[in-house]
Number of protein chains: 2
Amino acid sequence: MKPVRFSVVGVEHLHAFLQAGLLVEAGAELVSYFSPEGDLLAGFSQMFPQARRVPDQREIMLDDTISLVVCAARPDLRAATAVEAMQHGKDVFVDKPGATTLGQLEELRRVQSITGCRWVVFFSERLTSPATIRAGELVGAGAIGEPVHTTGLGPHQLTSSPRPEWFFDPAHTGGILADLASHQVDQFLHFTGARDARVQAALVANWNRPDHRDFEDFGEVLLSSAGATGWAQVDWLSPDGLGTWGDVRLTILGTEGTIEIRKNIDLAGRSGGDHLLIVDDRTVRHVDCTGVELPFASSLLADVLDRTETAMTTDHAFRATELALQAQAQATRLGLLSGQS
Amino acid sequence: MKPVRFSVVGVEHLHAFLQAGLLVEAGAELVSYFSPEGDLLAGFSQMFPQARRVPDQREIMLDDTISLVVCAARPDLRAATAVEAMQHGKDVFVDKPGATTLGQLEELRRVQSITGCRWVVFFSERLTSPATIRAGELVGAGAIGEPVHTTGLGPHQLTSSPRPEWFFDPAHTGGILADLASHQVDQFLHFTGARDARVQAALVANWNRPDHRDFEDFGEVLLSSAGATGWAQVDWLSPDGLGTWGDVRLTILGTEGTIEIRKNIDLAGRSGGDHLLIVDDRTVRHVDCTGVELPFASSLLADVLDRTETAMTTDHAFRATELALQAQAQATRLGLLSGQS
């Protein structure tokens, strides 16, 4: 079978490296990439010397041998790229957030429904986390009964790496709930099996960035479905002494037990990441997640070839993005944001 | 100085033992107790043989040598006892929830303002937790900058001990937010220094108790103040294998660091309870909380004698209770509760 040939449009987030790397490792062929000059391009060409940098993204769009477009452009530019790619019959694998406004999402849905292309969002906090994949297996096997709640914590360090100026402008990033909390919405829908949900409350704040008064350094969202609730906190307040970029966690509360995943660090505890702690009616266990396979990239490539939806349904990608954008749109504004429109 | 003489009205919750024990240990004299016949009375008389059981609570109210009434009656009966005690010039130290309706709270406020008596609520998850007291010292010293968020987790085991029938009826308990989340509201106000707050969202659910369809086995509340937000999850879903009655935690997010308190258990980690984990700009530390003194009971007795408010201001006790009751009153009802009035 011939490998899936793909290109990258937009290398504005480090996720571009991860997205391309996952696909190459799963057997796809990285053909080319386009991006406006950016800080990350030198590293990208070094990491993927086999790929050709093209001067115009139309070259990618018009190449019929390319069936998949990966996008990690500036967030507000991603939807337009995805729309263009789908209009050229290409599937899309876009970094989160896949859209920064509800209007963009509507257009994506319209074009996707006409073209039948795949639109898959890179929810890395689930898809590339061995402990989270193992949690999915455990939940699926009934290890904690019916999931009724997810708690998603997505704290991030702001100061550990330099950020481009657009990073501080919600008009470009979509805002903290669109950007970061979309991971948590994805995990809520995935683990509770909810097809739909409602934003019960949402809020964003600027607590500690008087130098960037529009920047949202904190956000929360509370979701409910017919059978579960989900709460998420995301922020850019993680202290430098943490030792990793954020103490990201996910807890799944079931009717018969709980699973807690400490994705990046076991605070003042065991070394390394990927700590899965399960409590059931019998005991508390620390579950070893080494050796857990990440099926996402292989599934995505199979989907591109077979026109299936095993890696992520388009419906899920749209719904998770929509909920994050709805939360963002209706969020109460606190701290330095209060009083601003 | 003569010791404070106190009596107990209502021994319907195990907290009565803890409340009386704390006061006795701090030098107060337990004179008498009244309670309708209950499962806990035999143990109480055994633990406090010095106290006389009286057949009518009026005997306590009319005894002018008794200056403090402790109450751990059925929750919906506590406010009436407190009102009667204050009308007889006695201070009140009541188990949480101190009231089960906003109407009760209004009456408590009215009588308190006339009498000037103390009305103090036993928020044990803060007041009797060495790690939480240490956290207060650290926050007060600026160890994590300005606190901007508290995450309060109050999971509880339901099946580990038999429960009286009234326990399953929100008309008697006030509901899960009034009962359990009042701890978290207390801690939100205490740690963020907020004088007031708003309920952004609240919800309660019956996910797993078809045998008690009115029972709320899950609840969430999201609060905001001018300078901080607080989220709490409380439930009766903790699995039997946990090894303790609930993996109660509190996380305080500050502008310069974080503190996480694992009050009862360090899941699959260190033994014992009272784990305080602090992260600041330099490092991650597990802080030893042995030897931390719990000043609450001594402060309360001094307040009774000196008419001060060092242990807990009446304003704080009222505001924390009110927010929990407001959340309870406006909570969205999910699971088996949905569709019920």
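Suppose we take every Cα in chain A and form the convex hull; what volume per residue is that in Å³? Kindly include the intermediate steps, with their values, before the conclusion.
Values: hull volume 47.0 nm³, N = 341.
In chain A, the Cα convex hull volume per residue is 138 Å³.
So which chymotrypsin sites (Phe, Trp or Tyr not before Pro) in segment A:5-53 pass both tests, a DSSP loop state and at most 16 other Cβ atoms within 10 Å of the Cβ?
Values: sites: A:6, A:17, A:33, A:34, A:44; in loops: none.
Passing both the DSSP loop test and the Cβ count: no residue.
What does the helix-only formula give at 222 nm for chain B: each DSSP H stretch with n ≥ 4 adding -39500 (n - 2.57), the total divided by the residues, and the result rounded to the nearest 500 deg cm²/dmol? Before the final figure, lay out the partial values.
Details: 11 runs with 108 residues, N = 341.
Roughly -9000 deg cm²/dmol at 222 nm, from the helical runs in chain B.
When chain A is modelled as a GNM with alpha-carbon springs shorter than 10 Å, which of A:19, A:328, A:200 fluctuates the most?
In this elastic network of chain A, the residue with the biggest mean-square fluctuation among A:19, A:328, A:200 is A:200.
Counting only the backbone N, which residues of segment B:307-341 are under 18 Å from the spot 7 Å out from the Cα of residue B:213 toward its beta-carbon?
Only B:333-341 pass the distance filter.
Among A:40, A:158, A:267, which one moves the most in a GNM of chain A with springs linking Cα atoms closer than 10 Å?
A:267
Using a cut-off of 12 Å between beta-carbons, work out the net charge of the residues near residue A:145 (Lys and Arg +1, Asp and Glu -1, residue A:145 not included).
On the way: positive: none; negative: A:146, A:256, A:280, A:281.
Once positives and negatives cancel, what remains is -4.
How much net charge surrounds residue A:190 when only the other residues with a Cβ under 12 Å from the Cβ of residue A:190 are counted, with Lys and Arg +1 and Asp and Glu -1? Numbers along the way, then the final one.
Details: positive: A:126, A:195, A:319; negative: A:125, A:186.
Taking every Cβ under 12 Å from that of residue A:190, the sum is +1.
Suppose you put the label 7 Å out from Cα in the Cβ direction; list, shortest first and in nm with one decimal, how far residue B:212 is from each other copy's label.
Counterpart label points of residue B:212 in the remaining copies fall at 4.9 nm.
Once amide H atoms are placed 1.01 Å from N in the peptide plane, what residues at a sequence separation of 5 or more from residue B:236, or on another chain, have their amide H within under 5 Å of its amide H?
B:156, B:218
For the rotation taking chain B to chain A, which residue of B has the Cβ nearest the axis, and how many Å away is it?
Nearest to the symmetry axis by Cβ: B:201, 2.
Would you check the protein assembly as shown for Lys pairs whose C-alpha atoms are within less than 26 Å, ignoring same-chain pairs closer than 8 in sequence, and give me the count?
5
Sort shortest first the distances from residue B:295 to its counterpart in every other copy, using label points 7 Å along the Cα-to-beta-carbon line, and give them in nm.
With the label placed 7 Å along Cα→Cβ, residue B:295 yields 5.8 nm.
How crowded by other chains is A:267-274, given as the mean number of beta carbons from other chains within 10 Å of each beta carbon?
Values: counts 12, 14, 9, 2, 0, 0, 0, 0.
Taking all residues of A:267-274 together, the mean is 5.
For residue A:148, enumerate residues with amide H under 5 Å from its amide H, sequence gap 5+ or separate chain, H modeled in the peptide plane.
A:253, A:254, A:255
Grab the other residues whose beta carbon is less than 10 angstrom from that of residue B:311, score K and R as +1, D and E as -1, and report the net.
Values: positive: B:118; negative: B:303, B:309.
Once all neighbours under 10 Å are counted, the net charge is -1.
Equivalent ellipsoid semi-axes for segment A:5-122, as square roots of 5 times the alpha carbon gyration tensor eigenvalues: give them largest first, rounded to whole Å. Walk me through the numbers before you get to the answer.
On the way: eigenvalues 91, 47, 31 Å².
With the √(5λ) rule applied to segment A:5-122, the semi-axes are 21, 15, 12 Å.
At residue B:146, with labels set 7 Å past Cα in the Cβ direction, how many nm apart are the copies from this one, shortest first?
Those label-point separations list as 4.4 nm.
Any idea what the relative contact order of chain B is, in percent, if you count C-alpha pairs under 8 Å spaced at least 6 apart?
On the way: 752 pairs, mean separation 62.9, N = 341.
18 percent.
Which longest run of chain B has no exposed loop site in it, a site being trypsin sites (Lys or Arg not before Pro) in a DSSP loop with at most 15 other beta carbons within 10 Å, and the site itself not part of the run? Each step should come with its number before you reach the end.
Values: sites that count: B:195, B:213, B:270, B:282, B:307.
Between exposed loop sites, the widest span is B:1-194.
Stokes-Einstein at 20 °C, 1.002 mPa s, Kirkwood radius from Cα pairs: D for the protein assembly as shown in µm² s⁻¹?
Working: Rh = 26.7 Å.
The calculation lands on 80 µm²/s.
Every number here is computed from the coordinates shown, using simple stated rules; none is lab data. Just so we're clear, the structure is a prediction, and the values are computed from it rather than from any experiment. Reconstructed Cβ throughout: ideal geometry from the backbone, glycine too, with neighbour counts over all protein chains shown.
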